[in-house]
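Participant: Following this message is one structure expressed as structure tokens.
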Amino acid sequence: MESTDATVAELVQARWGDHRTGLRHAGGELSHHQMTAGAAARAALLADLLPRHAAPHIGVLLDNTPEYPLWLSAAALAGAAVAGINPTRRGPELARDILHTDCTVLVTERAHLPLLDGLELPGVRTLVTDTEDYAHLLAPYADAEPDIARTVRPGSRMLLYFTSGSTGTPKAAICSQGRLAAAGRSLVAHFGVRAEDTHYICMPMFHGNAVIADWAPALAAGAGVALRARFSASRFLSDVREFGATYFTYVGRAVQYVLATPEHPDDRDNPLRMGFGTEAGAVDAARFEERFGVRLVEGYGSSEGGAAIQRTPGTPQGAIGRAAPGDDLAVVDPGTRRECEAARFTSSGRLLNGEAAIGELVNRGPNPFEGYWRNEAAQAERRRDGWYWTGDLFYRDTAGYLYFAGRTDDRLRVDSENLAAAMIENILARYEGAAAVAVYAVPDPVSGDQVMAALSPPPDTSFDPLAFAEFLLTQPDLGTKMTPRFVRVVRRMPVTATNKVARGALRREGFRCADPVWWRPPGASVYEPLTPSDVTDLLGRYRAQGRDSLLA
């Protein structure tokens, strides 16, 4: 083997003989040693199940049960790769994910068996973890020790995790054992992770965030992990207390859902030290810290590993941070390949030169992007001109701090001015009448886009159009073209399985949706209900301009 702890397999093996608590879950506890023993048994079984002349890939279609980290560890020992299968996928799309990643073994549970009914999965053997057959299958391997397969190297494939697929077929990003182990060690050093910590994994483990930013640093530090089968905002605080959780990760709107739960006087009575994640927003992060006494650290890391931004002391409000050591990050215009202007702000913090300052974040230096499984076209698109293109919009201030402005498909063009959805969302998030907000583009009847916002009021409240309009007038950094033309009032924000806003669905439905929609007719300063007659008139305007196809 190469250097110590250079692979995930070595990190797993190091926990053999460690009888401290390694896993807490709703059904009880397991020690690190028991987890390692369980992984060793599954690795031995896997060695017998995997075909000799096929890619050593297994699909894992599970909720966050103890079997998930057991199979991650087993795959590491056996030199296999885990493809995290998303249980919100259906039919041919689900079959495509399993077959595309060349999985010859699929690990699942009875609750997910209906998803597999009628699917053609030739050559795939299914193991159902909560059955007697599975227990009998594992029994002969109960005494296995955590030996590391001779084929394991730092470059061995460890994860095949799918990107969101909001702009096309999901791509399976590759993460090696070496990269995952290094990411775990880096986060241990950056956040001072201790062996006595407990990492609460409430995000789904089929997603890279939960494995790379939560499970890996716990494994590297010898910390424990705690699992809840599925994220529950209402159970978040009770889980934290029950498990003694000190650290958790988040993505998307999970923080907003926790903040929308009823407040209690003892909310700050909890063991959490910090949360680490993305896209909580400065307003929600401040509310979370005030309510729970827990600091949320916003970070940025491209899912594929090609770029990272680290928050350091002195980072301005609203900024993510600066480039991680070794990264040559730049904000560039995708058309000209030239660096964008430095951002300029008003005294109230409004971005003055968004048109010239916002661009795509690229990494021009060496980076650990390891490609996509069987998708050379997507891989080439990500590595254009020798640079790594993140697909994310940013702007940079004169001191070099980077600010997230949204995804490349979250850009809006209103009256010839480029806007970023994330910037508008950060402003609307201040509105006390909104538990969650999402901003996206709808086509303008004549040219460009108009701003539409989906707004979810707090429980037991309703949308107040006058209060919302008055709020908008008092926001000094809200440009006139940022004001939403349409407001969709949703009971609960539609999200993906990883708690990211399902903007694709929101954009497709636009203002023709089942939820109530309020709008400002041309020349109006207040919001009115969008009636069926209004929709008919609007559609006529789109048809007259030949732009009705854009609404499809």
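None of the figures in this text is laboratory data; all of them are computed from the coordinates on show. Quantities reported herein were computed from a predicted structural model and do not represent experimental measurements. Quick reminder, even Gly has a Cβ in these numbers, built from the backbone with ideal geometry, and neighbours come from all protein chains shown.
Participant: Pop out the Kirkwood hydrodynamic radius of the chain from its pairwise C-alpha distances, inverse of mean 1/r, in Å to one decimal.
Facilitator: Result for the chain, one decimal place: 24.8 Å.
Participant: Scan around residue 57 for amide H atoms under 5 Å from its own, H built in the peptide plane at 1.01 Å from N, and keep only partners 5 or more places away or cross-chain.
Facilitator: Counting only residues 5 or more places away or on other chains, the set is 81, 104.
Participant: Based on the Kirkwood radius over alpha-carbon pairs, what value in µm²/s does the Stokes-Einstein equation return for the translational diffusion coefficient of segment 111-235 at 20 °C and 1.002 mPa s?
Facilitator: Diffusion coefficient, whole number: 122 µm²/s.
Participant: Determine ³J(HN,Hα), in whole Hz, for all residues of segment 126-136 in sequence, where each value follows from phi through the Karplus function 6.51 cos²θ - 1.76 cosθ + 1.60 and θ = phi - 60°; x replaces Gly and Pro.
Facilitator: Calculated HN-Hα couplings, in order: 9, 10, 9, 5, 9, 9, 5, 4, 5, 4, 5 Hz.
Participant: May I pose another question? Of 530, 340, 154, whose Cα points farthest to the positive end of the dipole of the chain (charges on the beta-carbon: +1 Lys, Arg; -1 Asp, Glu; origin at the Cα centre)?
Facilitator: Highest projection toward the positive end goes to 340.
Participant: Restricting things to alpha carbons, find the Rg to Rh ratio for segment 389-520 using the Kirkwood radius for Rh.
Facilitator: That ratio equals 0.95.
Participant: Between helix 32-49 and the chain, what is the angle of the helix's C-alpha long axis to the longest principal axis, kept within 0 to 90° and rounded to the nearest 10?
Facilitator: 80 degrees
Participant: So what are the ³J(HN,Hα) numbers for segment 344-356, from phi and the Karplus equation (6.51, -1.76, 1.60; θ = phi - 60°), rounded to whole Hz, Gly and Pro as x?
Facilitator: Per-residue couplings from phi come out as 10, 10, 7, 5, 8, x, 6, 6, 8, 10, x, 4, 9 Hz.
Participant: If you don't mind, another one. Residue farthest toward the positive end of the dipole of segment 8-230, with Cβ of Lys/Arg at +1 and Asp/Glu at -1: which of 8, 115, 178?
Facilitator: Result: 178, furthest along the dipole toward the positive end.
Participant: With a Förster radius of 56 Å, plug the Cβ-Cβ distance of residue 263 and residue 525 into 1/(1 + (r/R0)^6) and report the FRET value to the nearest 0.05.
Facilitator: Taking R0 as 56 Å, the efficiency between residue 263 and residue 525 is 0.95.
Participant: Over the chain, what is the percentage of antiparallel beta bridges among all DSSP beta bridges, to the nearest 5?
Facilitator: Looking only at bridges with both residues in the chain, the antiparallel portion is about 60 percent.
Participant: Okay, next question. Starting from the amide H of residue 20, placed 1.01 Å from N in the peptide plane, find each other amide H under 5 Å away whose residue is 5 or more places distant or on another chain.
Facilitator: 32, 33
Participant: Give the Debye-formula value of log10 I(q)/I(0) at each listed q (0.11, 0.16, 0.18, 0.22 Å⁻¹), with one equal scatterer per alpha carbon of segment 237-319, two decimals each.
Facilitator: Debye output, listed in q order: -0.31, -0.64, -0.80, -1.12.
Participant: Moving to a separate point now. If you take the Cα atoms of segment 8-230, find Rg, then find the Kirkwood Rh from the mean of 1/r over all pairs, what is Rg/Rh?
Facilitator: Here the Rg-to-Rh quotient is 0.94.
Participant: I've got another one for you. Just how far, in whole angstrom, is segment 258-297 from segment 117-171 if you go by their alpha carbon centroids?
Facilitator: Each part's Cα centre sits 35 Å from the other's.
Participant: Roughly how tilted is helix 67-78, in degrees to the nearest 10 and between 0 and 90, from the longest Cα axis of the chain?
Facilitator: With both axes taken from Cα atoms, the answer is about 60 degrees.
Participant: Mind ordering 55-66, 369-380, 217-228 by average Cβ neighbours within 10 Å, highest first?
Facilitator: Ranking the peptides 55-66, 369-380, 217-228 by packing returns 217-228, 55-66, 369-380.
Participant: Follow-up. For a paramagnetic label modelled at 7 Å from the Cα of residue 196 toward its Cβ, which residues of segment 269-296 fall within the zone defined by backbone nitrogen distances under 20 Å?
Facilitator: The answer is 269-275, 294-295, whose backbone nitrogens lie closer than 20 Å to the label point.
Participant: Now a separate question. Nearest 20 debye, what's the magnitude of the dipole of segment 4-60 about its Cα centre given +1 on Lys and Arg Cβ and -1 on Asp and Glu Cβ?
Facilitator: 120 debye
Participant: Which listed residue (258, 225, 212) has the Cα farthest towards the positive end of the charge dipole for the chain, taking +1 on Lys and Arg C-beta and -1 on Asp and Glu C-beta about the Cα centre?
Facilitator: Of the candidates, 212 comes out farthest on the positive side.
Participant: Now a separate question. How many nm separate the modelled label positions at residue 480 and residue 461, each set 7 Å beyond the Cα in the direction of the Cβ?
Facilitator: Once both label points are built, they end up 3.0 nm from each other.
Participant: Let me ask something else about it. Assuming 0.36 nm per residue, please report the length gained on full extension of the stretch residue 544 to residue 49 beyond their Cα-Cα distance.
Facilitator: Difference between extended and current length: 171.9 nm.
Participant: At q = 0.26 Å⁻¹, what is the log10 ratio I(q)/I(0) for segment 378-452, with the Debye formula run over Cα points and no solvent?
Facilitator: Relative scattering, expressed as log10 I(q)/I(0), comes to -1.13.
Participant: Rg/Rh for segment 322-410 to two decimals, with Rh computed the Kirkwood way over all alpha-carbon pairs.
Facilitator: Answer for segment 322-410: 1.01.
Participant: What residues qualify as long-range amide H neighbours of residue 156, i.e. H under 5 Å apart, gap of 5 or more or another chain, H built at 1.01 Å from N?
Facilitator: Correct list: 177, 178.
Participant: Placing +1 at every Lys and Arg Cβ and -1 at every Asp and Glu Cβ, with all other atoms neutral, what dipole size does the chain have around its Cα centre, in debye to the nearest 20?
Facilitator: Dipole about the Cα centre, nearest 20: 780 debye.
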